[in-house]
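Trainee: Please see the structure below; I have some questions.
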């Protein structure tokens with residue numbers, strides 16, 4: 001039974017990890033660079049910014065800086081908020097807020113004349 005759950009988790013992670021930016025304790029511009037690189041470098045048309053707890057404000061700042069300064073045609077597709085239960089080393093569980101910000105960018109079609 002434990003093998004089945006491990007397999008389900010790994011396939012789910014590999015499916016979405018390539019266009020996901022996890023926000024932590026770095027300054028917002030570090031994540032802005034990662035998002036812009038994801039859009040332009042790998043040609044992704046969607047990037048997901050994920051954060052938990054105190055990093056949520058940094059994730060929101062990152063999304064707004066990307067939209068207003070660097071990639072002005074990026075749109076907010078969806079914002080998901082939720083609560084995750086985390087167990088620490090002592091065995092206590094605590095609830096932590098989480099956010100997922102979905103940014104999309106439409107690819108421009110080149111006109112041939």
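Trainee: Taking every DSSP beta bridge with both residues inside region 16-104, roughly what % is antiparallel (nearest 5)? Provide the component values of the computation, followed by the final result.
Mentor: Details: 19 of 22 bridges.
Of the beta bridges lying entirely in region 16-104, close to 85 percent run antiparallel.
Trainee: Along Cα→Cβ, 7 Å out, is where each label goes; now give me the distance between the ones at residue 77 and residue 61 in nm to one decimal.
Mentor: Using points 7 Å along Cα→Cβ, the separation is 2.6 nm.
Trainee: Further question: Relative to a virtual label point 7 Å from the Cα of residue 19 in the Cα→beta-carbon direction, which members of region 50-82 show backbone nitrogen distances below 17 Å?
Mentor: What the label zone holds, given the 17 Å backbone N cut-off, is 50, 63, 67, 71-80.
Just so you know, all these numbers are worked out from the coordinates, no wet-lab data involved. Because the structure is predicted, anything quoted here is derived from the model rather than measured. Counting neighbours? That spans all protein chains shown, and the Cβs are built from the backbone with ideal geometry, glycine included.
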